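*Asks:* Sending over a structure as structure tokens; questions will come in a sec.
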Amino acid sequence: MKTPFIALFFTFFTLTSYAQKSNYSILTIADSLKENANAVVRLDQMDITIGSQRSMNIKVQRIVTVFNDKGLNDIDAYQHYDKTTSVKSIEAIVYDAFGNEIKKIKKKDFRDQSAVSGSTLFSDSRVLYLEYTPVSYPFTVVYNSETETSNTAFIPRWYFLGGYYVSVEKCILNVTYPNDLGFKKKEFNFSNFNIKKTVDSDTKLSYETSGILARKPEDLSPSSDDLFPKVMMGLEKFHLEGFDGTATTWEAFGKWYGDKILTGTTTLPEETKAKIKAIVGDEKDPIKKAKIIYDYVQKKSRYVNIAIGIGGWKPMLASDVDRLGYGDCKALSNYTKALLQAVDVPSYNTILYGDSDKMNIQSDFVSMQGNHMILAIPNGNDYTFLECTSQDNPFGYQGTFTDDRDVLVVKPEGGQIVRTKIYDDKGNIQKDKGTYTIDENGHFSGSISITSEGSQYNKKYRIEMYQPTEKEAHYKEYWDNINNLKLGKITFTNDKENVRFTEDVQVSAINYASISANKMIFAVDAFNQNTGNVKRIRNRKNPFQIQRGYLDSDEIEINLPTGFAIEFLPSNYELKGKFGEYKTEIIKKDNNKLIYKRSMLLNKGKYSSKEYDEYRLFMEQVARNDNAKIILTKI
Amino acid sequence: MKINQLTMILLFSVFKLSAQEFRLGKVSVAELQEKMYPSDTSATAAILYKKGVARVEYNVNDGFVLVTDVETRIKIYKKEGYDYANQSIGYSISGGLKENVQIQDAVTFNLVDGKIEKTKLKSDGEFDEAVNKYYGRKKITMPNVKEGSIIEFRYKVRSPYVSWMRDWKFQYDIPVKHSELTTYFPEYYVFNVMQKGFANLKVTTDKKAASIMFTNKERSDGKAGGTTFSYDKVEYQETKTAYVGDNLPAMKDESYVNNIDNYTTTLSHELSMVKWPNTPIKSYSSDWNSVAKTIYDYQDFGDELNKTGYFENDLKPLLADKKTDDEKISAVLNYVKSAVKWNNLFGYSCDNGVKKAYKEKSGNIGDINLMLTAMLRYAGLNANPVLVSTRDNGISLFPNRTAFNYVIAAVETTNGNVLLDATSKYSYPNILPYRVLNWEGRLIRKDGTSESVDLMPKKVSNDNVFINYSVDAQGKVAGNVRRQYTDYNAMFYRNEIDEVKEDAYLEKLENDNNKIEVNDYTRINEKDLSLPTIEKFSFKGENLTEIIGDKIYINPMLFFTKTQNSFKQETREYPVDFGYPFADKFNISISIPDGFAVETLPAPTILAMEDNLGSFKFNIVTSGNILQLAIVHQINEAIVSPEKYEMLKEYYQGMIAKETEKIVLKRI
């Protein structure tokens, strides 16, 4: 068995020789790469060596020239580690603009910090990172690290381009693996990039690319995950925190996950089972039973994330959640499942990407994926999904965090890919019904009832829980078109049964209408103005998308001051196109009373970069018409 | 300065300690039944009591240590208050001396069927996170927490740092029903106690005798050999002080607040004196002068100022042809800015030391600005360091060493002090980074004497805008803008455009200003910090006017019109902090299209606030088909007290009403 050893030695050799002949002066960087770039990645190379199902070695060499402080983030000189991933070596050397060495940073001079962030309370993950104060720009960092891990469930995804405002001079990926572990890969978004696959055999895969120009972010773009090239990799036979796993088909993977990781986690104390049976009583319908249990879990538990070892993937025991009343998404989903089991309602752990940007589990690439867990309950031919980390979501409501995406439902017989609930544009409703009065001094007073459903419910229902100052700030922001706004009585109705949230708000404002000489001018649409804030973008390159559409319909009664005559009324207006439909109408009831009707439907969809300006103009038309003014003259 | 008003509120009033007792475990059914906090029904949780005992005590192994014992009871009313069921207590590891934190008696109480149910925190809910090599965190997450639960826990911190006692916060973003801190200090340690914030605390003190047993071990000579023990009993006075606050409201942040911590009721302790028997008194800080002197005597402060050898050869040639003080100041400042970069670490004392920082070209605030001071002195200027507390660090009203976290340099000239900071790219003599603009600093001279230095800018920073535009019969607008920024406005503008690609800046400029189309963009004096900076461009806009019927309505200030009042809040608790006085001046010339005449014009107006706080002037004249406007909005003070909030809000309201008034053109 000498061949692999020689191959390994050879890789080393080429790597060193490259480093030696390299010149880190900035003079050799092509001008095109400097355009729009805060940093240029001179070389980004990763060598992944999978020795066996339980061993993976990763070498990283990254050479980055940084032009200004905004480019510091592109250095990426850090390495996470934990009990199963060790950092064998890590170092960085800094060169000045001419390629002269300024500083060498050894392993002991890297900062060592716990990697606990955001909603995580505790984790055993740590990070080593480079802390360097630039003396002058530009400068170049040559970063090398080597790590070793027994976890082969996650082979790092390879991104040829790491972000915006950064260009790539050269990028190399080499992966070697035994031919019997079922190595597989999937390529994404290669079409607009010149990426060469230099080797693709049953033991080795290599890619190379050069000269990727820096890109600028553009509003409403799909996420960079859907724009930039990347390679996803995985093994059919992998290892995760002490468990060997298989991922040949979703069925097999799901079965492994169920049998090895989930098994034995749903045992509950008899006392709890008896209690939950008593609460459910003689309810027979499984969905109604689930509703009672979901409510029980929401009242009993809270979200706390503790990720230690396998705890990052294996749920806490249901009996522990029962005792402690907290857990992460896996723990709370699993606990709900255990309670449902006790009353004979089947349910399944469901793995997915939780994000307001819709992101799919790649259905044709069987592997460990996802960052979140919810629970699926069979409901006829479909599923009802429960977000168990939320203490206030309505039963079965998916909001914007888990809606409309491919997820993996883990059933005892194996895994299955399913699409979660799609909220229809016309079901994302906001209905406004209100009235306002303008007095002879131009002062405004009125009241409105705003009802939100579908994904618009998600934006609104939290207002009820705001602190008084936050509530005030919210409405003053929401109606920033009304200066000097004063809020009166506010009441909320949260109808969770129908997923409908209603705000009843009384408002007043002095000087709403501007008065000049004997005239009074004000915008008719006071309560729901679209500001049309769609940016003008010079030479847009990316396609754009509207992730979720909506339908707003308003009906407002307007009482005009006595002693004034209408000099000018905006005319009725209608606009229809691929982006949506917009319509306003003013009906004169009598001399002092108008009815204003408005409806706005926005269609979700994916559009080309060329259609962007059209969309901007559409929204600007809407904004302009929403701001249409009425003129009154004193009589 | 507004310090007088604040100190008045801080006068302590002394009462007898109330008879009410708070003890862990004594949770009542009534407390568990409570659905909302009586005086603040929106509170998501409340601290029912927090009781701390801090004691400087002696133990044979460690000598004097500071032991702090804290008990807390928290009521959770709503789900949004669940965060309070997770607690974190930081501790220091640096210098080899580790603080020790122990969490005990952590229990969740619930009311189940009218009975109190206790759930104890077990080890699976307690974590010890080694954040980095300087500090760690003990964390707990309480079990079985629901709406209505009460949690209790106690923690003990043993610290070898007697001189560094944790601040005691009486207020949080939830209400506090009762909070008390009791300190026990032996007569050897004298602390300064400082209070921030507005709450009234009851303070009681009591002195009593205490004693320490020292064990002396002696090895005697002679044939008998062996060790003899002798005991010394030392008697001393121990002072007990209790601070009690009741019914303290939740702290709520507001816009334009400098730093909410400045208004949060907090007690800080600082060691001011150590007086051992039979040894001279060691004094740390009791007034600003001795604070300054103490800091000056630190090796990593005063001594660093005396080192000059490392830069002399480099600096000498740069100073050769500089004659005036101003020239020398600029030369030295620019040199330090280019020679050493700030590593984002704060602190008035040197981290690396000036020599090393100079060699490695990077250092903390102390390294850089003490080096700056030394070089200014070398150049023959009367330069001294000025201790500063940054905005984030808050304001300290009482003398103490920890009040400061920053240092700048001052050159005393015949025209007053010139303040300098070499850690920021766009700072300039008397134009300091925004973080430094925080009330007063403390200037220390070579002889150790010191004086306070006002850091708040007095000079008005200008934003001078000249706009020339014409409106055509379709309401389209085309024109030119020339915009000049001075002083702090120039600094902010330079920061904004720093390293931003022009294309990206223009895109933002266009989108922020009603989607105008910008052309012929140029900048003047972008790099020369001694001069105001200017930007010029021409623009076109289709959405800038409104055509209603056959009339054209124009906001004369176009996209410069202020349409929203920044002060939306009804009432104000804390001062409004503008950072520096400023004036926005507009000179606008509008040419109206042929075939149109002015129907109505906004009338000229002057709004002035009391005490010369600020004024708004709006003037408009017509000549032929040209309209000329001169508009000035000027605020003369950096900080506005809350009593003036109503006036300030009305002023902005009036200004906005005026600025949004339209010029109406009619067809002729």
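Readers should treat all values here as calculations from the given coordinates under stated rules, not as data from a laboratory. On a predicted model such as this, the values are computed, not experimentally measured, just so you know. Every residue, glycine as well, gets a Cβ built from its backbone with ideal geometry; the counts of neighbours run over all protein chains shown.
*Asks:* Using Cα-only point scatterers and the Debye equation, what is log10 of I(q)/I(0) for the protein assembly as shown at each q in 0.05 Å⁻¹, rounded to two decimals?
*Replies:* So the normalised log intensities work out to -0.47.
*Asks:* Related question: With the dipole of chain A worked out from charges on the C-beta (+1 for Lys and Arg, -1 for Asp and Glu) around the Cα centre, which of A:T435, A:G580, A:L130 lies farthest toward the positive end?
*Replies:* Towards the positive end, the residue furthest out is A:L130.
*Asks:* So how do B:364-371, A:507-514 stack up, highest first, on mean other-Cβ count within 10 Å?
*Replies:* B:364-371, A:507-514
*Asks:* I'd like the mean, over residues of A:120-126, of how many other protein chain beta carbons sit within 10 Å of each residue's own Cβ.
*Replies:* 4
*Asks:* Got a sec to turn the phi values of the stretch B:108-119 into Karplus ³J(HN,Hα) couplings, 6.51 cos²θ - 1.76 cosθ + 1.60 with θ = phi - 60°, whole Hz, x for Gly and Pro?
*Replies:* Once rounded to whole Hz, the list reads 9, 10, 10, 9, 10, 6, x, 10, 7, 10, 9, 10.
*Asks:* Next question, about the same structure. Of the options B:L370, B:A490, B:I656, report the single residue whose Cα projects farthest towards the positive end of the charge dipole of chain B (beta-carbon charges: Lys, Arg +1; Asp, Glu -1).
*Replies:* So the residue furthest toward the plus end is B:L370.
*Asks:* Dipole size in debye (nearest 20) for chain B around its Cα centre, Lys and Arg Cβ +1, Asp and Glu Cβ -1?
*Replies:* Roughly 1420 debye, rounded to the nearest 20.
*Asks:* Convert each backbone phi in the stretch B:69-82 into a coupling constant with the Karplus relation 6.51 cos²θ - 1.76 cosθ + 1.60 (shift: θ = phi - 60°), then list the ³J(HN,Hα) values in order as whole Hz, x for Gly and Pro.
*Replies:* 10, 10, 10, 9, 10, 10, 9, 9, 8, 10, 4, 5, x, 4
*Asks:* Next question. At most 14 other Cβ atoms within 10 Å and a DSSP loop assignment: could you name the trypsin sites (Lys or Arg not before Pro) in the stretch B:302-381 that fit?
*Replies:* Filter output for the stretch B:302-381: B:K323.
*Asks:* So which GluC sites (Glu not before Pro) in the stretch A:251-288 are both in a DSSP loop and have at most 16 other Cβ atoms within 10 Å of their Cβ?
*Replies:* Answer by residue number: A:E283.
*Asks:* Taking amide hydrogens as modeled 1.01 Å from N in the peptide plane, which residues meet the under 5 Å criterion relative to A:F183, leaving out close sequence neighbours?
*Replies:* A:E236
*Asks:* Which cross-chain or sequence-distant (5 or more) residues have an amide H under 5 Å from the amide H of A:T384, H modelled 1.01 Å from N in plane?
*Replies:* Amide H neighbours of A:T384, under 5 Å, 5+ apart: A:I377, A:N379.
*Asks:* Quick check of the Kirkwood formula: for chain A, what is the inverse mean of 1/r over all pairs of different Cα atoms, in Å?
*Replies:* Final number for the Kirkwood radius of chain A is 28.8 Å.
*Asks:* In whole percent, what relative contact order does the stretch A:14-240 give with Cα contacts below 8 Å and a gap of six or more residues?
*Replies:* 26 percent
*Asks:* What distance in nm separates the two pseudo spin-label positions at A:Y466 and B:K476, each 7 Å out from Cα along the beta-carbon direction?
*Replies:* Rounded to a tenth, the inter-label distance reads 4.1 nm.
*Asks:* Please report, in debye to the nearest 20, how large the charge dipole of the stretch A:425-634 is about its Cα centre when each Lys and Arg carries +1 at its beta carbon and each Asp and Glu carries -1 there.
*Replies:* 840 debye
*Asks:* Expressed in nm², what is the orientationally averaged projection area of the convex hull enclosing the Cα positions of the stretch A:366-514?
*Replies:* The directionally averaged projection comes out at 11.6 nm².
*Asks:* Helix B:325-339 against the longest principal axis of chain B: what's the angle in degrees, Cα atoms only, rounded to the nearest 10?
*Replies:* On a 0 to 90 degree scale, this one is about 70.
*Asks:* Another question, if that's okay. Please tell me the relative contact order of chain A in percent, rounded to the nearest whole number, where contacts are Cα pairs under 8 Å and at least six residues apart.
*Replies:* Normalised by residue count, the contact order of chain A is 10 percent.
*Asks:* Cα gyration tensor of the stretch B:461-667, axes a ≥ b ≥ c as square roots of the eigenvalues: rounded (a/c below 1.5), prolate (a/b > b/c) or oblate?
*Replies:* Judged from the Cα gyration tensor, the stretch B:461-667 comes out oblate (a/c at least 1.5, b/c at or above a/b).
*Asks:* Something else: Let me spell out the model: positive unit charges on the Cβ of Lys and Arg, negative unit charges on the Cβ of Asp and Glu, origin at the Cα centre of the stretch B:461-667. What dipole size does that give, in debye rounded to 20?
*Replies:* In debye, rounded to 20, the stretch B:461-667 gives about 620.
*Asks:* Taking the Cα-to-Cβ direction at A:D295 and at A:A623 and moving 7 Å from each Cα, how far apart do the two end points lie in nm?
*Replies:* With each label placed 7 Å out from Cα toward Cβ, I get 4.5 nm.
*Asks:* Shifting gears a bit: Need the C-alpha centroid separation for the stretch B:616-659 versus the stretch B:27-90, integer Å.
*Replies:* What the calculation gives is 49 Å, centre to centre.
*Asks:* What per residue convex hull volume, in Å³, comes out for the stretch A:14-240 when only alpha-carbon positions are used?
*Replies:* Residue-normalised Cα hull volume stands at 143 Å³.
*Asks:* Also, quick follow-up: If R0 is 51 Å, what FRET efficiency do you get for B:N415 and A:E251 from their C-beta distance, rounded to 0.05?
*Replies:* Between B:N415 and A:E251 the formula returns 0.05.
*Asks:* Follow-up. Please identify the GluC sites (Glu not before Pro) of the stretch A:445-524 that satisfy two criteria: DSSP loop assignment and at most 15 other Cβ atoms within 10 Å. Which are they?
*Replies:* A:E497
*Asks:* Right, something else. Provide the packing ranking of B:31-38, B:263-270, i.e. peptides ordered by the mean count of other C-beta atoms within 10 Å per residue, highest first.
*Replies:* B:263-270, B:31-38
*Asks:* Post the alpha-carbon centroid distance, the stretch A:173-207 to the stretch A:460-474, in whole angstrom.
*Replies:* Between the Cα centres of the stretch A:173-207 and the stretch A:460-474 lies a distance of 51 Å.
*Asks:* Now for a separate question. Using r as the Cβ-Cβ distance of A:I417 and A:T267, and R0 as 25 Å, what FRET efficiency do you calculate, to the nearest 0.05?
*Replies:* Calculated transfer efficiency: 0.30.
*Asks:* Once the dipole of chain A is set up with Lys and Arg at +1 and Asp and Glu at -1 on Cβ about the Cα centre, which of A:T272, A:Y348, A:N559 lies farthest towards its positive end?
*Replies:* Sorting the options by dipole projection puts first A:Y348.
*Asks:* Please list, in chain and number order, the residues 5+ apart from A:F139 or on another chain whose amide H is under 5 Å from its amide H, with Hs placed from the backbone.
*Replies:* For A:F139, whose amide H was placed from the backbone, the distant partners under 5 Å are A:V66.
*Asks:* In whole Hz, what ³J(HN,Hα) sequence does the stretch A:180-191 give by Karplus (6.51, -1.76, 1.60; θ = phi - 60°), x for Gly and Pro?
*Replies:* 10, 9, x, 5, 9, 8, 9, 9, 10, 6, 7, 4
*Asks:* Then there's this: Could you calculate the FRET efficiency of B:K275 with B:W164 from 1/(1 + (r/R0)^6), where r is the beta carbon distance between them and R0 is 25 Å, rounded to 0.05?
*Replies:* Once the sixth-power term is evaluated, E becomes 0.85.
*Asks:* Sorted by packing (mean other beta-carbon atoms within 10 Å per residue), highest first, where do A:434-445, B:166-177 land?
*Replies:* Result, highest mean Cβ count within 10 Å first: B:166-177, A:434-445.
*Asks:* Taking only Cα atoms, what is the 0 to 90° angle, nearest 10, from helix B:365-378's long axis to the longest principal axis of chain B?
*Replies:* Long axis of B:365-378 versus the principal axis of chain B: about 70 degrees.
*Asks:* With Cβ to Cβ distances under 13 Å as the rule, what net charge do the other residues near A:I631 carry (K, R +1; D, E -1)?
*Replies:* +2
*Asks:* How big is the shadow of the Cα convex hull of chain B, averaged over all directions, in nm²?
*Replies:* 42.4 nm²
*Asks:* Using the Cβ atoms and a cut-off under 15 Å, what net charge is assigned to the surroundings of A:G446, where Lys and Arg are +1 and Asp and Glu are -1?
*Replies:* Charge balance in the 15 Å sphere: -4.
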